[in-house]
1. When segment 5-46 is examined, which residues are found to be at pLDDT 75 or above and small (Gly, Ala, Ser)?
2. Among the residues of segment 119-147, count how many are within 16 Å of Gln90 (Cβ to Cβ), free of Cβ contacts under 8 Å to residues at least 60 places away in the same chain and either hydrophobic (A, V, I, L, M, F, W, C) or open to solvent by less than 50 Å² (accessible area, probe 1.4 Å) (or both).
3. Of all residues in segment 73-99 being in a helix (DSSP H, G or I) and among the aliphatic types (A, V, I, L, M), which is surrounded by the fewest Cβ atoms within 10 Å (Cβ to Cβ)?
4. Report, by residue number, each residue of segment 47-61 that is part of a helix (DSSP H, G or I), at pLDDT 75 or above and open to solvent by less than 100 Å² (accessible area, probe 1.4 Å).
5. Looking only at residues in segment 128-152 that are hydroxyl-bearing (Ser, Thr, Tyr) and outside any strand (DSSP E or B), which one is nearest to the chain's Cα centre (by Cα)?
6. Name the residues in segment 10-32 that are surrounded by fewer than 16 Cβ atoms within 10 Å (Cβ to Cβ) and in a helix (DSSP H, G or I), would you?
7. Out of the residues in segment 100-127 that are modelled with pLDDT of 95 or more and in a loop (DSSP other than H, G, I, E, B), which is nearest to Leu86 (Cα to Cα)?
Amino acid sequence: MTLPLALQDMVAPGEPVLGHWRPALGQFLKGFVMAGGLTSLLLGPLTLTQGPLVFLATLILGVAIYGFIFDDIFVWRARRADHWVLTDRQLLFCNDRGDDDPAALPLDQIKGFAGTAWMGLTLRLTDGTKLRMSYVPAPRAIRAAIEAAQSR
């Protein structure tokens, strides 16, 4: 497994890499369409009396508007270059675009999980803050891998 250059120096010699995750376009699209579709369905009954084509157009337009109003499209553009690397000691992060500095989070600073939503995984840290791993595929599997690494 080839690590991003920003993270190669952060992994000690002999430190095993247990996982490497990146945001997936499919995860983003699934959450984007689901959230936008649900928003449109709430507004849809207002247009249902106008006929099925108007209702369908409202759903499609609602998804597109949702993406721009809540900045989901722009969040995806910023997060799509993220790398999350799990070792037996730490969770590492970097962004290929250089938007964020590389960071290392010791596993003992992860207190728990705030949930696994369809759009990512949220970690609760010992200092009371939360850290979101956006649009990663299989958030439950990532959670299990982090818990397994913590119990080593």
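1. Result: Ala6, Ala12, Gly14, Gly19, Ala24, Gly26, Gly31, Ala35.
2. Within segment 119-147, residues that are within 16 Å of Gln90 (Cβ to Cβ), free of Cβ contacts under 8 Å to residues at least 60 places away in the same chain and either hydrophobic (A, V, I, L, M, F, W, C) or open to solvent by less than 50 Å² (accessible area, probe 1.4 Å) (or both) number 3.
3. Taking the candidates together, the pick is Ile73.
4. Scanning segment 47-61 gives Val54, Phe55, Leu56, Ala57, Thr58, Leu59.
5. Across segment 128-152, the extreme among qualifying residues is Tyr135.
6. If the condition is that a residue be surrounded by fewer than 16 Cβ atoms within 10 Å (Cβ to Cβ) and in a helix (DSSP H, G or I), then Leu25, Gly26, Leu29, Lys30 are the ones that fit.
7. Thr126
The values are calculated or read from the model by the stated rules, or taken from the named source; none is laboratory data. Owing to the predicted nature of the structure, the values given are computational and were not obtained by experimental measurement. Ideal geometry is used to build each Cβ from the backbone, glycine not excepted, and the neighbour counts take in all protein chains shown. Heavy atoms of the whole protein, side chains included, go into the accessibility calculation; ligands, DNA and RNA do not. Shrake-Rupley method; radii C 1.70, N 1.55, O 1.52, S 1.80 Å.
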